[in-house]
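A quick write-up on the structure given underneath.
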2 protein chains.
Amino acid sequence: MKGSSIEVGEAMKGASPRKGVIRGLSIMDFVLRILAAVATLGAALAMATTNETLPFATQFIKFRAQFDDLPSLVFFVMGNSVVCGYLVLSLVLSIFHIVRSPAVKSRILLVAFDTVMLGLITAAASAATSIVYIAHNGNTGANWFAICQQYNNFCERISGSLIGSYIAVALFTILIILSVVAISRN
Amino acid sequence: MKGSSIEVGEAMKGASPRKGVIRGLSIMDFVLRILAAVATLGAALAMATTNETLPFATQFIKFRAQFDDLPSLVFFVMGNSVVCGYLVLSLVLSIFHIVRSPAVKSRILLVAFDTVMLGLITAAASAATSIVYIAHNGNTGANWFAICQQYNNFCERISGSLIGSYIAVALFTILIILSVVAISRN
């Protein structure tokens, strides 16, 4: 009896730090998800609420720039909103992983969704970046003019909103690697 | 003695199909990597080799369209080339995983690199897509004209080359999920 109780004690000692590491990873996962949700929400709001009306107008045309003039910026707002919604929903599973460390199948599910969402947020950020680049620099070969000389505030705002999206891209990459490490330790 | 040998036999029976599943996943990983490498190579070549010269010219200007007129398309070619190179190099680790199924640390390393490369290839594909969209449709708000009315062959070629990149995006997503399943089974 004494021998077996020592064995149990040793087995628990072996499992405890391992479980502690997984729990630590799960808590970090939870915090990073909140940060990423805030970043994408900020990016979507900054882009969606920007508009600039120039102080002059012809009889028929009012010079006004809004994000929905450019399809890539609409995709940016939609992509960031969807990813933000997903991140908020995924917090439920993240809390479940803090409480129940040995869960593996739900972690695999989360990695699969995270990977798809990494693709979506990267695509949104990248599509908007290439348009913002053209807006700033124009393109002489294609005869596309830089619109940022007129719409200065609009351009500053849409350039700034990209940052939130790129922060989310970096956080998603870390999230996926953390989840894989947690799965490998189970 | 007899009892213990039966136990060993059962343990091996339990390990064998599991090892078989992991080996199957590793072989699928190897095949998908080759497919993705071919897709990115095709995309990079199709984009890089396209150029169209219009059949008329002024005294000073020759109307010629090439991928390096547009920075996003240059990024597309570079991104696809880098990812293609990475995929060829990663075949070494993939073969190692077929031979040595229980390797976990090298699988985690591969997932980490795959995730970064998924980000790169998605960014390249998406940046090019938003430019190709403008080239096809133009944008009235920003006064950017559709250049595809003049450069018809050029536009068809750059649109087609996007497909290879998107195939690679899908394959990378599958690769990451396969690796995670293999890690969870070890």
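Of the residues A:Val116, A:Val132, which single one is touching a Ser or Thr at 6+ places or on another chain (Cβ under 6 Å), assigned to a helix (DSSP H, G or I) and within 13 Å of chain B (Cβ to nearest Cβ)?
Checking each option against the conditions leaves just A:Val132.
State yes or no: is A:Gly85 closer than 29 Å to B:Ile131 by Cβ and either within 8 Å of another protein chain (Cβ to nearest Cβ) or without any contact (Cβ under 8 Å) to a residue 24 or more places away in the chain (or both)?
yes
Contact list please: Cβ distance under 8 Å, first residue in region B:25-38 and more than 10 Å from B:Leu175 (Cβ to Cβ), second residue not in a helix (DSSP H, G or I), pairs at least six apart or on different chains.
Going by the 8 Å Cβ cut-off, the qualifying pairs are B:Ser26/B:Ser101.
Taking region B:64-80, which residues are in a helix (DSSP H, G or I), small (Gly, Ala, Ser) and farther than 14 Å from B:Thr40 by Cα?
Matches in region B:64-80: B:Ser72 only.
Quick test for you: out of A:Ile167, A:Ile158, A:Ile174, A:Ile183, pick the one residue that is crowded, with 22+ Cβ neighbours inside 10 Å, within 30 Å of A:Val21 (Cα to Cα) and either modelled with pLDDT of 90 or more or facing chain B (nearest Cβ under 10 Å) (or both).
Working: A:Ile167 fails: crowded, with 22+ Cβ neighbours inside 10 Å; A:Ile158 fails: within 30 Å of A:Val21 (Cα to Cα); A:Ile174 fails: crowded, with 22+ Cβ neighbours inside 10 Å.
Unique residue meeting the criteria: A:Ile183.
Pull up region A:88-113, narrow it to residues that are assigned to a helix (DSSP H, G or I), among the small types (Gly, Ala, Ser) and within 14 Å of chain B (Cβ to nearest Cβ), then point me to the one that is surrounded by the fewest Cβ atoms within 10 Å (Cβ to Cβ).
Only one residue fits best here, namely A:Ser106.
Matching residues to (1) crowded, with 20+ Cβ neighbours inside 10 Å; (2) free of Cβ contacts under 8 Å to residues at least 60 places away in the same chain; (3) within 9 Å of another protein chain (Cβ to nearest Cβ):
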| site | (1), (2), (3) |
| --- | --- |
| A:Thr140 | no, yes, yes |
| A:Trp144 | yes, yes, yes |
| A:Ile147 | yes, no, yes |
| A:Ile163 | no, no, no |
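The values are calculated or read from the model by the stated rules, or taken from the named source; none is laboratory data. Please read all numbers here as calculations on a predicted model, not as lab measurements. Neighbour counts run over all protein chains shown; Cβ positions are idealised from the backbone, glycine included.
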